[in-house]
Amino acid sequence: MLETSLEKALTTMVTTFHKYSGREGSKLTLSRKELKELIKKDLCLGEKMKESSIDDLMKSLDKHSDQEMDFKQYSETSLEYSVFLTTLCVAYNDFFLADNQ
């Protein structure tokens with residue numbers, strides 16, 4: 001069975017996360033530096049994103065105040081990655097809406 005376009009998108013998001021995670025610390029987390037690099041290199045909106053916006057995004061995702069964004073935590077249920085993906089979807093939706101006006 002062939003992957004659907006949505007499955008391909010999900011695979012791309014997960015593999016992109018892991019492309020940057022673990023360069024500093026755990027392979028299951030993104031540090032602020034890793035998150036910034038992901039945003040700047042793999043998102044078209046990254047070029048337009050201010051440092052303060054990246055900081056705000058990291059703060060909203062870093063629920064444990066450990067300076068890392070978890071992909072999955074083994075000891076508890078974590079919604080941080082879901083929030084990250086949702087935030088990206090909203091940002092892209094806003095970008096495309098503004099671009100079409």
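None of the figures in this text is laboratory data; all of them are computed from the coordinates on show. Quick caveat: nothing in here was measured; it's all calculated off a predicted structure. A quick note on method: Cβ atoms are made from the backbone with ideal geometry, for glycine too, and the neighbour counts reach across all protein chains shown.
Listing for the model above:
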read-out	value
Lysines whose Cα lies under 20 Å from that of Lys33, excluding same-chain neighbours fewer than 8 positions away	Lys19, Lys41, Lys48, Lys50, Lys59, Lys63, Lys72
Burial ordering of Met13, Met58, fewest other beta-carbon atoms within 10 Å first	Met13, Met58
Cα-only radius of gyration and Dmax that characterise the chain, units Å	14.1, 45
Integer Hz, Karplus 6.51/-1.76/1.60 couplings in order for segment 29-36, x for Gly and Pro	9, 10, 7, 4, 4, 5, 4, 4
Nonlocal amide H pairs with Met69, under 5 Å, H built at 1.01 Å	Leu30, Ser31
Added length on full extension, which subtracts the Cα-Cα distance from 0.36 nm per residue, Leu6 to Tyr92	29.4 nm
Net length gained if the chain between Lys27 and Lys48 were fully extended (0.36 nm per residue, minus Cα distance)	4.8 nm
